[in-house]
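Presented below is the structure to which this report refers.
Read-outs throughout are calculated quantities, based only on the coordinates presented, and are distinct from any laboratory measurement. These numbers come from a predicted model, not from an experiment. In this analysis, Cβ positions are derived from the backbone assuming ideal geometry, glycine residues included, and neighbour counts consider all displayed protein chains.
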Amino acid sequence: MEKGMFFIKTYGFVLLALFLGCAYTIYIASSIEDRAFYFDYLGIGTAIWYLITGIGILTRKKWGYYLLKIFLYVLLIAFPIGTLIGYKSLKYMKRNNIQKFFGVGDEFGSLCHKT
């Protein structure tokens with residue numbers, strides 16, 4: 001297995017695990033009576049984002065690649081560990097040209113070379 005594919009599969013499965021963790025936390029937190037209702041919506045939105053991004057990464061869709069990049073840029077805000085993970089991951093993606101596994105950037109080249 002190529003080095004880039006291991007990176008992609010790892011991030012995909014980690015995001016799916018995060019989805020399960022969020023869903024379980026929302027389920028457990030639903031038994032608490034005195035809590036703000038907007039935390040439910042925030043948790044559900046975050047869980048759905050993890051799920052959609054994880055599926056997009058594992059199926060290697062172009063939108064999955066872009067959602068992963070957005071996820072990593074948002075992760076940069078979570079100082080200090082999130083910043084380190086996001087920075088290293090973005091650097092790794094650029095250095096190893098991870099976008100080639102998603103078919104990103106091929107549209108213009110394929111249009112120009114059609115005869």
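Summary of computed values
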read-out: Least to most buried among THR46, THR10 (fewest other Cβ within 10 Å first); value: THR10, THR46
read-out: Value of relative contact order over the range 3-112, rounded to a whole percent, pairs C-alpha under 8 Å and six or more apart; value: 26
read-out: Spin-label zone in the range 44-76 - amide nitrogen under 14 Å from a point set 7 Å from the Cα of MET5 along the C-beta vector; value: 58-60
read-out: Those trypsin sites (Lys or Arg not before Pro) in the range 1-83 that DSSP places in a loop and that have at most 16 other beta carbons within 10 Å; value: ARG35, ARG60, LYS61
read-out: Of the DSSP H helices in the chain, those whose Cα atoms cover at least 27 Å axially and whose Kyte score averages -1.0 or more; value: 3-29, 38-58
read-out: Net lengthening on full extension, LYS100/ILE48 (0.36 nm per residue, minus Cα-Cα); value: 16.1 nm
read-out: In the range 9-100, lysine pairs closer than 16 Å at Cα, eight or more apart or cross-chain; value: 13
read-out: Descending semi-axes in whole angstrom, ellipsoid equivalent of the chain, from the Cα gyration tensor; value: 32, 16, 13
